[in-house]
């Protein structure tokens, strides 16, 4: 039995939910999100809560039950609070600047790397080494943050690169050197 799928999703007063066929639309003052839902899964609004139910205990239905509930809960949270991911640049000479359409990164290449976010995602620069990726769609925010991080992943030997805030990098030891070497 899905424990996550059975939990009701509380709806704040400012959130409007529309269910048409297999599509659920959630909108608020921050924006509007829409997503198709598997036809076997049903979503109902009861007493200011959304409930997700499945037709049987088949394996596929159990998996879709929890997944659908989580996706809809993320939609509700996105239009009320929004989502944010923080990235940090570490390394000598590594910095970021805000441009008209996106950001410009100096990350150890011979040229600056320009990154333009997809629609619905905004990039904010704090100082010279922090990037805030924010938006109402959790998937878009996470994917954009991952694409920025992939531009220069953190080096395992020196720790230079782009990382998520709070991410721990375990540094590998370098070469032992010439100590103990005899001809």
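Laboratory data are not the source of any read-out in this text; all were calculated from the coordinates shown. Quick caveat: nothing in here was measured; it's all calculated off a predicted structure. Backbone-built Cβ (ideal geometry, glycine too); neighbour counts: all protein chains shown.
A compact table of results
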| read-out | value |
| --- | --- |
| Exclusive hit being farther than 30 Å from residue 150 by Cα and out of contact with any helix residue (DSSP H, G or I) (no Cβ under 8 Å at 6 or more places or on another chain), set 34, 42, 28, 104 | 42 |
| Residues within the range 9-36 that are within 13 Å of residue 137 (Cα to Cα) and loosely packed, with under 14 Cβ neighbours inside 10 Å, tallied | 2 |
| Single match in 34, 29 (criterion: in a strand (DSSP E or B) and closer than 25 Å to residue 119 by Cβ) | 34 |
| Conditions (1) part of a strand (DSSP E or B); (2) under 30 Å from residue 117 (Cβ atoms); number of the one not met by residue 51 | (2) |
| Residue in the range 37-51 that is surrounded by 13 or more Cβ atoms within 10 Å (Cβ to Cβ) and without any contact (Cβ under 8 Å) to a residue 24 or more places away in the chain present | yes |
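Results for (1) touching a strand residue (DSSP E or B) at 6+ places or on another chain (Cβ under 7 Å); (2) closer than 29 Å to residue 27 by Cβ, shown as yes or no for each residue.
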site	(1), (2)
94	yes, no
106	yes, no
119	no, yes
123	yes, yes
127	no, no
145	yes, yes
154	yes, no
158	no, no
172	no, no
